[in-house]
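The structure appears right after this line, and notes come after that.
The values are calculated or read from the model by the stated rules, or taken from the named source; none is laboratory data. Treat the numbers as computed from the prediction; the structure is a model and nothing was measured. A quick note on method: Cβ atoms are made from the backbone with ideal geometry, for glycine too, and the neighbour counts reach across all protein chains shown. Remember, those area values only see protein heavy atoms, side chains included, never the ligands or the DNA or RNA. Shrake-Rupley method; radii C 1.70, N 1.55, O 1.52, S 1.80 Å.
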Amino acid sequence: MRDDLERLKAALDAATPAPDRRKRAADLALARKNFRESQETPPEPRPTSDRPRSGLLRGVGKMFATMTTRGGLAATTALVALAMVAFTPLGETLLPRDLGAPSDAPRARQENTEADDAGADALAVEAPAIVAEPAPMPSPMPAPMAGRSVGALAKQAARPMPLPDAMPIPEADTEEFANDDDSPLKIVADDPVSTFSIDVDTFSYAVVRNSLNAGQLPPRDAVRIEEMINYFPYDYPLPEPGAAFRPTVSVSQTPWNADTRLVQIGIQGATPPVEDRPPLNLVFLIDTSGSMNQPDKLPLLKQAFSMLLGQLGARDQVAIVAYAGSAGQVLAPTPATDKAAIHAALARLEAGGSTGGQEGLQQAYAVAAAMAEEGEVNRIVLATDGDFNVGLSDPEMLKQYIAAKRDQGTYLSVLGFGRGNLDDATMQALAQNGNGTAAYIDTLAEAQKVLVDQVAGALFPIADDVKVQVEFNPAEVAEYRLIGYETRALRREDFNNDAVDAGEIGAGHQVTALYEVTPVGSPARLTDDLRYQSGATPAPTGEGELGFLRLRHKAPGAADSELIEMPITASALPAPDAGFAQAIAGFGQLLRGSDYLGGWSWNDAITLANANRGDDSFGYRGEAVQLMRLAKSLTEAK
């Protein structure tokens, strides 16, 4: 075999023509010309009625028909011989092992743009937001090659491919959620007062739904039970004329523990007539960074904002600020009725670059300040995946920045889009400190709910800095725990301090809070009396008074709060659809792995929800039951 190879090598050497420098220069020139042409869009093929002919035999025949010189045939023979050596067992012993080892791939370019403090001086100046359009990802070649002709494969290989630094980089899962440990059990004799800020957000429920529909259990910290409960409408009494909202209290047996009670506090906001709404100055602050280049991010965002436009009136104005590595005003303040101009500005937005959130916020606040008029509502709606990586990216620093701006009278709400790098912690810091709300939009149906059906609550505030405080009666209640609201807890002294920020209520908004309370003498009590301390003598109360509810709120823009008080009595009847709120509370606790449910199961939650679906005009409650069934199956499959 060795002699055969040597004879083949000698024959190839003898047949190979001597190097010709002029021929080599001509070939290189032709190669450059072909490469340039390959980078251009080829002309469309001329229509013909001839049947296309292709295939391996036709290609070989064409080669022999056109390559008639001795040198050409010798070179072709050499290629065939080398292929036989390379792709046979003999070739594996002759070729070096590292012959086909890939070289280091070029590193992708990364552009980092730092926000310039000097740019804040020109924030109100209109500047076009021009961003680079990312090159499309080349379609991967399918694994099965059977049935593909050599000609077709060669034609695909000849197409120009994007350079490595132009290819989108796959996102890592860098999601971060704002949450805390479950609210602890409190002993009334030691700690009778519970204080928290209200929360009308629905962000968590939409994220939970998105995870379950994707076949995954949500991260534990993504489950904020109060936002799951508040996703659904309840049949609360309407406020009296002239009142901003109306609180109600009900008491019922706990589904997962027959020896405890659930105290349900409901707040129903007023819904002023549309003609009585003040003019709205709305600034869309849109994240156009590279991480938004996904179908469920920027494209969905454009559709969602387009739906919102149909809910605005002739007195409302819209401006658009976009930000990536830098920020720019895409649309100057424009009447909301000029939908063509607003749609055109949205259509021009493309994703690319890093996420310069700080500069975007500065620009948006400057635009909002320029639009502000007495008696009007100013609101910035930030749409983002929360991935701030240029400027202020730490939630605590963002809190301080937004807190300093909210006193100007501009509300900041946040809409989250997409998964993978969803920075919930940053978005919660923005919304909570910007006197705004947070919602997650993963479908057009959710955009319809948030920006059409509930647009009044999302955009028009009726009460600011709403705080709840409950004092429990030690003569009636031994222990209690607040279900949810872990990130909204306040200190006792914060309740009367009007300088401490809290949540807002929009027009028509509802708030629900649940306490599980253990009556004195109940076998469900988890703690014992102390040996060396006697309980304080309870103050005189009405018969069966479990506790006392206090609410504080401010009129929009006011500096001083108003107080509402009412007792919580054991005789208070259950709310009409209390069972569904309890089922959702159980749903959230099952997802978080709560220690307080005993043997209560997914089947119990599903049964309770199904029995209390009530009037479900839009199918939200039915969808929740299906999500419980999905969660049950995914839990059992672990």
Exercise for review: Determine whether the range 231-247 contains at least one residue that is modelled with pLDDT of 95 or more, in contact with a strand residue (DSSP E or B) (Cβ under 7 Å, 6 or more places away or on another chain), open to solvent by less than 10 Å² (accessible area, probe 1.4 Å) and farther than 24 Å from GLU562 by Cβ.
Suggested key: no
Review point. For ASP191, which of the numbered conditions (1) in contact with a Leu (Cβ under 9 Å, 6 or more places away or on another chain); (2) open to solvent by 30 Å² or more (accessible area, probe 1.4 Å); (3) at pLDDT 95 or above; (4) over 30 Å from ASP387 (Cβ atoms) fails to hold?
Key: (1)
Review point. Looking at this structure, is ALA431 within 14 Å of the chain's Cα centre (by Cα), surrounded by 24 or more Cβ atoms within 10 Å (Cβ to Cβ) and under 30 Å from GLU227 (Cβ atoms)?
Key: yes
Exercise for review: Filter the range 396-428 down to the residues that are among the acidic types (Asp, Glu) and either open to solvent by 10 Å² or more (accessible area, probe 1.4 Å) or touching a Cys at 6+ places or on another chain (Cβ under 9 Å) (or both), then identify the one that is farthest from ALA456 (Cα to Cα).
Suggested key: GLU396
Review point. Could we say that ASP560 is open to solvent by 40 Å² or more (accessible area, probe 1.4 Å), of a type in the set (Asp, Glu) and modelled with pLDDT under 95 here?
Key: no
Check your understanding: On the given criteria, is SER633 of a type outside the set (Val, Ile, Thr), under 30 Å from the mean Cα position of the chain (by Cα) and more than 24 Å from SER252 (Cβ to Cβ)?
Key -> yes
Check your understanding: Just checking, how many residues over the range 482-500 are among the β-branched types (Val, Ile, Thr) and either touching a His at 6+ places or on another chain (Cβ under 6 Å) or closer than 11 Å to THR195 by Cα (or both)?
Key -> 0
Check your understanding: How about the range 402-418: which of its residues are in contact with an Asp or Glu (Cβ under 8 Å, 6 or more places away or on another chain) and either free of Cβ contacts under 8 Å to residues at least 12 places away in the same chain or over 23 Å from GLN454 (Cβ atoms) (or both)?
Key -> ALA403
Check your understanding: Scanning for something surrounded by fewer than 21 Cβ atoms within 10 Å (Cβ to Cβ) and in contact with a helix residue (DSSP H, G or I) (Cβ under 8 Å, 6 or more places away or on another chain), does the range 490-500 turn up at least one residue?
Key -> yes
Check your understanding: Can LEU212 be described as open to solvent by 20 Å² or more (accessible area, probe 1.4 Å) and either of a type in the set (A, V, I, L, M, F, W, C) or part of a helix (DSSP H, G or I) (or both)?
Key -> no
Exercise for review: Report whether or not PRO295 is outside any helix (DSSP H, G or I), free of Cβ contacts under 8 Å to residues at least 60 places away in the same chain and not polar (S, T, N, Q).
Suggested key: yes
Point to revise | Any hit, the range 565-579, residues being open to solvent by 20 Å² or more (accessible area, probe 1.4 Å), in contact with a helix residue (DSSP H, G or I) (Cβ under 8 Å, 6 or more places away or on another chain), in contact (Cβ under 8 Å) with a residue 60 or more places away in the chain and over 13 Å from LEU262 (Cα atoms) | key: no
Review point. Hey, does the range 598-607 have a residue that's under 25 Å from VAL468 (Cβ atoms) and in contact (Cβ under 8 Å) with a residue 60 or more places away in the chain?
Key: no
Exercise for review: Return yes when LYS302 is open to solvent by less than 30 Å² (accessible area, probe 1.4 Å), among the charged types (D, E, K, R), over 30 Å from PRO237 (Cα atoms) and under 25 Å from the mean Cα position of the chain (by Cα) and no when it is not.
Suggested key: no
Check your understanding: Within the group PRO295, PRO273, PRO278, PRO255, which residue is open to solvent by 30 Å² or more (accessible area, probe 1.4 Å) and either touching a helix residue (DSSP H, G or I) at 6+ places or on another chain (Cβ under 6 Å) or within 24 Å of LEU549 (Cβ to Cβ) (or both)?
Key -> PRO255
Exercise for review: Kindly indicate whether any position in the range 435-457 is open to solvent by 30 Å² or more (accessible area, probe 1.4 Å), in contact (Cβ under 8 Å) with a residue 12 or more places away in the chain, part of a strand (DSSP E or B) and of a type in the set (A, V, I, L, M, F, W, C).
Suggested key: no
